Structures are given as structure tokens and as C-alpha cells.
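Heads up: the structure comes next, in C-alpha cells.
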Amino acid sequence: MWKIHEGSARHWMIRLLGVAVLAFVVVWIPTQMSSSRIGQVTDAFILMIAAMSLNLVLGFTGQISIGHSAFFGVGGYTAAILIKDHGWSPGYTFYVAAVVAFVVGCVVALPALRIRGIYLALVTLAVAVLFPTLVRWKKLAWLTEGSMGIDSVRYEDVPVWPILGELKGREGRAVFMFWLGLIIVIVTYLVCRGIVKSRFGRALVAIRDNETAAAVMGVNLTTTKVLVFGVSAALCALAGVLSTLKSGVITPDGQYVTLLGSIVFLLVMIVGGAGTLWGPIVGGLVYVLLDNTTRDIGTNDSGILGTLFGWADQSPATLILGLVLVIIMFAAPYGLVGLAKRLSRKVVVVIPRPAGTAKPS
Amino acid sequence: MANPRGATGTVEFVNTTDSANVPLLDVSDVTVKFGGIVALDGLSFSIDRGTICGLIGPNGAGKTTMFNVVSRIYEPTSGTVKYEGRDLLAVPAHGIAHLGIARTFQNLALFPTMTLLENVMVGAHSQGSVGVWRAIARIGAARENRRIRDWSGDLLAQLGLARFAHVPAAGLPFGTLKRLEIARALAARPRFLLMDEPAAGLTHSEVDELGDTVLQIRRDFDLTVLLVEHHMSMVMRISDKVVAMEFGRKISEGTPDQVRNDPKVVAAYLGADA
Ligand SMILES: Nc1ncnc2c1ncn2[C@@H]1O[C@H](COP(=O)(O)OP(=O)(O)OP(=O)(O)O)[C@@H](O)[C@H]1O
Ligand SMILES: [Mg+2]
């Protein structure tokens, strides 16, 4: 076993190495992969963002939400409406979508102030079910265009970013969306990290662990829960905007706009590792990998997986992930990231900086 | 109301008390009912600044209920509670810590997934000011973290828990966690500390040691203490004043000697199993 001290030169070297490897992979993808593969990675980004946002509320604060598909939809629709009806440039819609979703999130948080557990799950479930219905509502058709949804909301021409060189056509759009997605993944990660490693983040975990004790320590349960729901919804809306810009359409039956979206976010978060910063990122990657490797099983109907899952007319990724989830629940309560942490601790142990002003004896 | 003082070398106190003739805590005619159960029945008593007040009584007398009233977890059916002359019942639960009131819990109310250090850092919540926006923008968050981390580390060291600083609270022995409760409560730099059976589950020598610890922190932090304890020897040794309760009512109040020899108290304890 190898012991390193937190903040020592060695520790920084390891971190730097990690970042370098990540950066290498990230640059490698859009330069070497086919545009459809790049698109799949962007899909993973979208899931990562949504799952990271859910993680703030559920993983860290312990407030269950099955309503995040609605926040995703709010983001997607805000972008689509602004671009289509008001001629906005897509880039700016991210900000508006975040603000709108923040407000919606704060409102959805209100039940969380009074109820917990299964009841909160039911209320947020209702939000998830309500959203597509609301969008389809005839009286809102002037805004949302009903079940048809809103289409052609892409970038007309992708903006020119000098660093990316000239991007043209389908290929260029895929590369651009990849980088845009990556930026939002990084922003979302930094927002989550900033929150988690602060007084506010400690208050979130305190609420998850023992609400009464948290209040006695001075944590205002009302504002903390409302704010974390709001921020979470805003981040989830970014994923919605990204998804809309990538596909160019948003409909009430959209992949992650329906209740299924909430379930997928939940799966991604838990499989990756609830209450860990990297969990949703790993989970998003695993989900998209699984989705793309198992998509054809239904049509091929061959092999052991075909026999097992061939009857499913959709991609069995959700189903398989559901099974993986059950296993993970037993084997690794903190998901794949928790498992990795536990295993790596057998090899490397990071000794935290000593706390206190007194010299360690 | 928050108290963003800079990191200080050692654990120290700042005396902010003023009008010395008002009792620190003044409980008057407090009644708490749970459906048909009357947990507190017109209870009145007061605690003077800088003293240790023992609160005793058989199981179910209503001692913990009293704590929960002061920390605004239970809403009394009637009565008033004043703290430094201010109406405590108008303060929300999360405002209590900001007023300098901290408590420990009889049956432990720790944050099991957090390390001991993190538990104490949450205890210092009222000593910080970084909210969600400053956390996202990273304005002063790192500096505040360092300050609170050092302060919490010092407290753990003072309570002899430094070597467990980075161990999760879940799974540690009960006695260790009882001490952690005290460290966490002190992290808020309280002026008034309520301790609910801190000696429960300790051995005889540990109980004596704890009594000394309580006297020590009272001196170091300039505390007023309300102490609920079943270990009579400890209560009688360290309390300046003792209040005895039974069935939600006060049956006796006075110096340890007076209360110990009060026939009503003797009867209450002979009737119970203590
Ligand atoms: N939340 C509650 N709901 C219903 N009854 C309660 C509640 N809390 C306390 N009680 C009742 O109020 C009475 C006083 O309980 P309390 O816990 O205050 O006693 P205590 O003096 O702390 O006893 P112990 O020495 O056993 O800790 C008991 O009869 C108890 O059952
Ligand atoms: Mg009790």
C-alpha cells in the first residue's frame, strides 16, 4: 500500500496525470472518431449533466426527485421557443433556460419542505407526468405547438470558434456540439464541486443524514432545500437545452422529457455513484456505452442477450442497467465510483491534511 | 448574527454577555402535550449566567422534552421561554444556534456518513457565511473552509478525538460519539450548552472524567450549562443548582444538597427504579 499526503507534490502529480489523461481522451474523441460516435459521446454529456443535477438533490441532500425530466423539458422548450419564436441566438438561451428552471425548481421544492421519502417521490412523479401533458395542452399550443413539438431549432451555422478551426456540415456540427457539451459538463461539475466542498454543501449532507440535527446546528432547512432544488433544476435545464440544440427538435414525447427521462437520470446517478462528484459522469458514460452496444439486440434476436432481452422493442439499456442497479445496490452502495474508491484504497491511500492550528504530535 | 471571527490560535471564548441581572434562560409555565400525554405540565425554572444547572428526574419525566422546547423542535402548548430577555419561541429552530445555544442529544443525532471532522464542521455552521452563490462563485469559500476546519480540528483534539478526525462517525463506539456530540456543540461557540445525558453508557471512571471535562469546557468557553444526567454523583458534584422533575412538573429546586435531601425527590426516585 502506497501512502501519499494530501497536497504533497506526489498528490499533485497524480492529479495532474489524471487530468492529462482525461484531456487527451477528450481531444482524441472529436478528432479521431466518426461523427455518429462523437454524437453518442455528446449524448453521454447530456446524461452526465442531468444526472449531476439530480445528484445534488438526491445524492447529497437526500431529497428524492422523479421530476427532473420536467426540468429537462423546461430547458429544452425555453431554448426552442426563444430560438424559433423570438429569433434568439442559441448560445444565450442557456442563461434564460437556467433562470426559468431555477424558478420552477424552487416552486417544485415547496412540497419537499413538508414531506419526505415516498411521498416526495410521488409528488415529483406527478410533476414529471404533468409536464408533457401541459405541453400538449391545446390552450398552450400557441407556445409549445402541442404534440407536434418544435423543430429546426439548431444552430443555422455553428459559431466560429478560432480554436476549433472551420467546422462544416454534419461533421462540423457534431464536433461543435461535442465541445459545447463538454464545456457545460465542466461548468456543471465545477458548480457541483463548489457547492459540495463548502459550508452550503456540508449543510446539504447534514440534511440528508439528520434533518433535525442540521436545523439545531443552524441550517435553515427551508431556504437550503429550495435553493438546492432551484440550482439543480437550472443545471438540468442546461442538459435540456443541449439536447434540443443537438437534435434540433423537442416534443412532449422526447427521449428525456417524459417520465422515462427521470428514471434514466436516476439509474445513471445511482449506478455511477450517488453522493459522489464523479458518479454521474461515470454513470453517463456507462449508460451510453451500454445503450449503443445493446441497441440492436432486439432486432438481431441472437445470442444470449438476444434471448434474454429480444422481446423488448426498445433498447434494453434501461432494463440491463436496472439489473446492474440491483446488483450494485448490494455490492456497492456508492455505485461504480464508490467501488473504485474502495478498491483503489488498497493500493493508494491519501492521508488528509491535518486539521487544526496545533502542531500534530 | 453570525459571528465571522478570524481563525484563532487556540480554542478561546469571547464574552458578550451584558445585563447581568436577567437570568440567561427563563422558562415559565411551559406545557407540552402529545395527544393525551402531558410531557411538560406548567414547568417553570430559570438559569443564571455562568452556572451549571442539573436537571434530574426519573425516566419519562420530560427532561428531553424540555431540551426540545428550548431548541425549538417541539412547540409548547402554552407558556413562555425567554433567553437573555428575548422571546425564544419567536425564533425559528435554525436561529437558535445563531443566538449561541447549542445542545447534545441523548440518543445521538450525528451525521453518520460524515467524518468526525466534518460533523464538527457542520456544528460550526452558524460561524460561517458562505451560501450557495458564494460557494458556486468560490468567493471566500476556501478561506472559510480553512478557518472552520482548523477550529474544528482543535476542538476534536481538545476532546481527545483527534486520531479519529478522518473516520466516518458511523460504527464508532457510543462513548466516542457522545464526546463527538460535545465537540460538535462547542463548534458553534455557544454561550449556553444543553447536554442530554452525556455520561450515558460510560464506565465509572469515565463518568468522573466527563465531569471534569464539563467543568473544564465551562471555564474555557465561559458557558452556562444545562445538564440532564442520571448519574447522581456527577450531577451533584458539578452543578451549582439542581432542578428535579417528575411527570412533567418541577418537584424540587435548589442547591445539590437541598435537592438530594428533599423528601419529594427521594420518593420520586424510590418510586422509579433509579
Ligand atoms: N414526540 C413525542 N410524541 C409523543 N410522546 C412523546 C414525545 N416525546 C416525548 N414524549 C413523551 O413525553 C414524556 C416525557 O418524555 P421525555 O423524553 O422528555 O422524558 P425524559 O425525562 O427525557 O426521560 P429519559 O430519562 O428516559 O430520557 C414521555 O412519556 C414520552 O413518552
Ligand atoms: Mg431524555
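Every number here is computed from the coordinates shown, using simple stated rules; none is lab data. This structure is a prediction, so every number in the text was calculated from the model and none was measured. All Cβ positions, glycine included, derive from the backbone under ideal geometry; neighbour counts span all protein chains shown.
Under a 5 Å amide H cut-off, with hydrogens placed 1.01 Å from N, B:Lys82 pairs with B:Asp26, B:Val27, B:Ser28, B:Leu88 among residues at least 5 apart or on other chains. Projected over all directions and averaged, the alpha-carbon convex hull of chain A occupies 21.9 nm². Summarising the amide proton neighbourhood of B:Glu253: residues at separation of 5 or more, or on other chains, whose placed amide H is nearer than 5 Å comprise B:Ala244. Helix-only arithmetic for the protein assembly as shown: the sum of -39500 (n - 2.57) across DSSP H runs with n ≥ 4, divided by the residue total, places the mean residue ellipticity at 222 nm at -17000 deg cm²/dmol.
In order along region B:247-258, phi translates into HN-Hα couplings of 6, x, 10, 7, 9, 6, 7, x, 5, x, 5, 4 Hz, rounded to whole numbers, per the Karplus curve 6.51 cos²θ - 1.76 cosθ + 1.60 with θ = phi - 60° and x for Gly and Pro. Of all beta bridges that DSSP places with both ends in the protein assembly as shown, some 50 percent have antiparallel geometry. In order along region A:319-328, the Karplus-derived 3J(HN,Hα) couplings, from 6.51 cos²θ - 1.76 cosθ + 1.60 at θ = phi - 60°, round to 5, 4, 5, x, 5, 4, 4, 4, 5, 4 Hz, and Gly and Pro are given as x. Considering only A:Val249, A:Leu190, A:Gly230, and ranking their Cα positions along the charge dipole of region A:182-291 that arises from unit charges at the beta-carbon of Lys, Arg, Asp and Glu, the one farthest toward the positive end is A:Leu190.
In order along region A:41-51, phi translates into HN-Hα couplings of 5, 4, 4, 4, 4, 4, 5, 4, 4, 4, 5 Hz, rounded to whole numbers, per the Karplus curve 6.51 cos²θ - 1.76 cosθ + 1.60 with θ = phi - 60° and x for Gly and Pro.
The Cβ shell under 13 Å around B:Gly160 holds other residues with a net charge of -1, Lys and Arg each +1, Asp and Glu each -1. Close amide H contacts of B:Leu226 (hydrogens built in the peptide plane, cut-off under 5 Å, sequence separation of 5 or more or a different chain): B:Cys53, B:Leu193, B:Leu194, B:Met195. The mean count of C-beta atoms from other chains within 10 Å of the C-beta of residues in B:113-122, rounded to a whole number, is 5.
What you get for region B:104-219, charging only the Cβ of Lys and Arg (+1) and of Asp and Glu (-1), is a dipole of about 680 debye around the Cα centre. The modelled label-to-label distance for the pair A:Thr293/A:Thr212, using points 7 Å beyond Cα in the direction of Cβ, is 4.8 nm. Once the Cα-Cα distance is subtracted from the 0.36 nm per residue extended length, the A:Ile4 to A:Thr357 segment shows a gain of 124.9 nm. Taking each of B:Lys63/B:Lys241; A:Lys3/A:Lys341; A:Lys84/A:Lys246; B:Lys178/B:Lys250 in turn, the alpha-carbon distance tops 22 angstrom for B:Lys178/B:Lys250. Placing a label point 7 Å from the Cα of B:Ala142 along the Cα-to-Cβ direction, the residues of region A:320-353 with a backbone N closer than 17 Å are A:353. The packing ranking of peptides A:343-355, B:118-130, highest mean first, is B:118-130, A:343-355, where packing means the average number of other beta carbon atoms within 10 angstrom of each residue. All other residues whose Cβ lies under 14 angstrom from that of B:Ala200 are scored, Lys and Arg at +1 and Asp and Glu at -1, for a net of -2. Beta bridges from DSSP with both residues in chain B: antiparallel share about 55 percent, rounded to the nearest 5.
Sparsely packed loop sites in region A:152-241 (the trypsin sites (Lys or Arg not before Pro) outside DSSP H, G, I, E and B with at most 16 other Cβ atoms within 10 Å) comprise A:Lys168, A:Lys197. The alpha-carbon atoms of region A:29-69 define a convex hull whose volume equals 59 cubic angstrom per residue. Taking the inverse of the average 1/r across all pairs of different Cα atoms in region A:1-130, what Kirkwood radius in Å do you get? Every distinct Cα pair counted, the radius reaches 18.1 Å. Placing a label point 7 Å from the Cα of A:Thr223 along the Cα-to-Cβ line, the residues of region B:167-193 whose backbone N sits under 19 Å from it are B:188. A Cβ-based charge dipole, computed about the Cα centre of region B:29-143 with Lys and Arg at +1 and Asp and Glu at -1, lands at about 400 debye.
About its Cα centre, the protein assembly as shown has a charge dipole of approximately 1240 debye under the convention of +1 per Lys or Arg Cβ and -1 per Asp or Glu Cβ, with nothing else charged. Once both labels are positioned 7 Å from their Cα atoms along Cα-to-Cβ, the gap between B:Val22 and A:Leu164 label points is 6.4 nm.
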